[in-house]
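Right, one structure below, let's go through it.
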Amino acid sequence: MKNILNDKSYIFALKVVKLCLVIQKDKREYVLSKQLLRSSTAIGANAEEAIGGSSDKDFVHKLSISYKEARESKYWLRLLKDADLIDKRTGDELLEDVEEILRLLGASIRTMRERIKEK
């Protein structure tokens with residue numbers, strides 16, 4: 001079964017992995033790019049883990065972690081873009097991607113919280 005959140009977070013992580021390799025090679029910048037790499041790959045990893053959660057509350061908890069990691073990724077992308085370590089177009093595209101992921105995560109969390117309240 002297709003899971004749009006997992007698909008989008010995986011594609012986003014893959015784009016960031018490739019971007020970080022370029023930043024490290026061309027700009028010789030390792031600290032900020034590793035922060036972005038860590039937070040961006042954690043989004044999908046936690047969303048994937050949520051699917052195997054032991055309860056609805058565990059599901060929401062793991063998605064909440066994904067949401068926090070997406071917010072952090074947004075911060076690092078803005079910083080790298082504004083510091084001219086990534087070009088504006090690439091930065092803007094990735095920021096759009098992470099905003100979409102944040103919307104998907106937020107909607108999923110809200111839906112599951114409502115479902116938990118109904119029980």
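Each reported figure results from applying straightforward, stated rules to the coordinates on display, with no laboratory input. All values derive from a computational prediction rather than experimental measurement. For neighbour counting, all protein chains shown are included, and Cβ atoms are generated from backbone atoms with ideal geometry for every residue, glycine included.
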Just need the relative contact order of the chain here, percent rounded to a whole number, with Cα pairs under 8 Å and 6+ apart. 27
Cβ crowding within 10 Å averaged over residues, with 36-45, 91-100 ranked highest first: 36-45, 91-100
Modelled label reach - SER64, point 7 Å along Cα→Cβ, the range 83-119 residues with backbone N closer than 15 Å: 106-117
Which entries in LYS2/LYS27; LYS27/LYS57; LYS27/LYS68; LYS74/LYS117 show an alpha-carbon gap greater than 32 Å? LYS2/LYS27; LYS27/LYS57
I'd like the per residue volume of the convex hull spanned by the Cα atoms of the range 12-101, given in cubic angstrom. 76
Taking R0 as 30 Å, what's the FRET efficiency between ARG113 and THR90 from their Cβ-Cβ distance, rounded to 0.05? 0.30
For the range 35-115, run through the chymotrypsin sites (Phe, Trp or Tyr not before Pro) and keep only the ones in DSSP coil with at most 10 other Cβ atoms within 10 Å of their Cβ. none
ILE116 neighbourhood, Cβ < 15 Å, K/R = +1, D/E = -1, net charge +3
Rounded to the nearest 20 debye, dipole of the chain from Cβ charges on Lys, Arg, Asp, Glu: 200
